[in-house]
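Below is one structure, written out as structure tokens; the observations come after it.
The values are calculated or read from the model by the stated rules, or taken from the named source; none is laboratory data. What you see is a predicted model; the values in this text were computed from it and never measured. Here Cβ is always computed from backbone atoms with ideal geometry, including for glycine, and neighbour counts include all displayed protein chains. Remember, those area values only see protein heavy atoms, side chains included, never the ligands or the DNA or RNA. Shrake-Rupley method; radii C 1.70, N 1.55, O 1.52, S 1.80 Å.
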Amino acid sequence: MEQQPILIDLPEELTGPRVVVRPFREEDARQVWEAVDESRERLEPWLPWVAGYRSPDDAVSFVRRARASFLLREDLVVGIFERESGGLLGGSGLHRIDWRIRAFEIGYWLRNGAEGRGYMRETVQLLTWLAFERLGANRVEIRMDPENVRSRRVPEGLGFVFEGTLRNCTAGRDGGPRDSHVFALIPEDYGRLDWPDEIRRYVEA
Ligand SMILES: CC(C)(COP(=O)(O)OP(=O)(O)OC[C@H]1O[C@@H](n2cnc3c(N)ncnc32)[C@H](O)[C@@H]1OP(=O)(O)O)[C@@H](O)C(=O)NCCC(=O)NCCS
């Protein structure tokens, strides 16, 4: 019989060369609020949930929900922390999980000041490693708005395959339909990449 998702073992955290990726804890709420609040202008065009952050309590309810979803294995929401300082850099995770076929979607954001340093690239490497090497993934996908050039560069740079454009598949800021670009890896693609060796050295150390 298929293993129940709730019984799936997951590492407490993943450590890369410069970032640590782990589920949120209650005490992260203050940093989450500060990060989202200071970054809202940059994040809002691409992430509809940002508009729902109106007070620090919204971050408290987010971290509690995120932790609960992680424990239930329904949505593997994680925070990204700078390895050296422990400070919050942003958020990511393996979302929209289909455990039957082991398909995952990676989402991400970085706070102001954390962009342009390769932190997201490293986070996506860690989560992709987790999906293929610990969770038996058959598919890891990343979607973005066609105008989100910065987001698109992350999967492109890591060798994800551009599969196409889903037309009118998601609601934009004004509620109207927007297209999404879809990038993905399947095990055969992942096996051809050269970067997993380097990531393995850190996470399996
Ligand atoms: C999308 C987003 C996470 C990308 O962040 P990012 O910092 O550009 O992504 P990376 O971590 O891959 O960093 C790449 C950049 O770091 C630079 N860099 C610096 N040091 C580096 C290092 N050691 N390794 C790799 N890249 C490095 C790269 O040159 C590149 O810079 P460039 O974009 O000026 O060419 C960020 O722009 C963001 O938070 N956007 C708003 C939210 C959003 O759109 N989320 C996605 C919705 S689909």
Open item on the list: Which pairs turn up if I take residues in the range 117-132 that are charged (D, E, K, R) and look for partners that are within 12 Å of the ligand (Cβ to nearest atom) and open to solvent by less than 10 Å² (accessible area, probe 1.4 Å) with beta carbon separation below 6 Å, at least 6 apart in sequence or on another chain?
Closed with: 122/16; 122/19
- [ ] Assess whether residue 140 counts as being more than 8 Å from the ligand (Cβ to nearest atom), within 17 Å of residue 165 (Cα to Cα) and over 14 Å from the mean Cα position of the chain (by Cα).
- [x] no
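Would you be able to tell me the number of residues in the range 143-152 that are near the ligand (Cβ under 7 Å from one of its atoms) and open to solvent by 20 Å² or more (accessible area, probe 1.4 Å)? Give the steps one after another, and end with the answer.
Going residue by residue through the range 143-152, those that are near the ligand (Cβ under 7 Å from one of its atoms) are 143-145, 148, 150-151.
This time we only want the ones that are open to solvent by 20 Å² or more (accessible area, probe 1.4 Å), so: 143, 145, 148, 150.
So the answer is 4.
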Task: Subset tally (residues that are touching a helix residue (DSSP H, G or I) at 6+ places or on another chain (Cβ under 7 Å), among the hydrophobic types (A, V, I, L, M, F, W, C) and touching a residue at least 60 places away in the same chain (Cβ under 8 Å)) for the range 81-109 - done: 4
TODO: Just give me the residues in the range 152-205 being at pLDDT 95 or above, assigned to a helix (DSSP H, G or I) and of a type in the set (Lys, Arg), in sequence order.
DONE: 152, 153, 192
Open item on the list: Being near the ligand (Cβ under 6 Å from one of its atoms) and within 19 Å of residue 139 (Cα to Cα) is the filter here; which residues of the range 102-114 pass it?
Closed with: 108
- [ ] Please name all residue pairs, on different chains or six or more residues apart, with Cβ atoms under 6 Å, provided the first residue is in the range 138-165 and is touching a residue at least 24 places away in the same chain (Cβ under 8 Å) and the second residue is part of a loop (DSSP other than H, G, I, E, B) and near the ligand (Cβ under 8 Å from one of its atoms).
- [x] 148/46
Task: Residue list for the range 120-137, restricted to those being more than 6 Å from the ligand (Cβ to nearest atom) and open to solvent by 50 Å² or more (accessible area, probe 1.4 Å) - done: 133, 134
Open item on the list: Checking residue 165 against (1) among the polar types (S, T, N, Q); (2) surrounded by 16 or more Cβ atoms within 10 Å (Cβ to Cβ); (3) more than 9 Å from the ligand (Cβ to nearest atom), only one condition comes out false. Which one?
Closed with: (2)
TODO: Being touching a strand residue (DSSP E or B) at 6+ places or on another chain (Cβ under 9 Å), open to solvent by 20 Å² or more (accessible area, probe 1.4 Å) and among the polar types (S, T, N, Q) is the filter here, so list the residues in the range 1-56 that pass it.
DONE: 15, 31
Task: Which numbered condition residue 117 fails, given (1) open to solvent by 70 Å² or more (accessible area, probe 1.4 Å); (2) within 8 Å of the ligand (Cβ to nearest atom); (3) within 15 Å of the chain's Cα centre (by Cα) - done: (3)
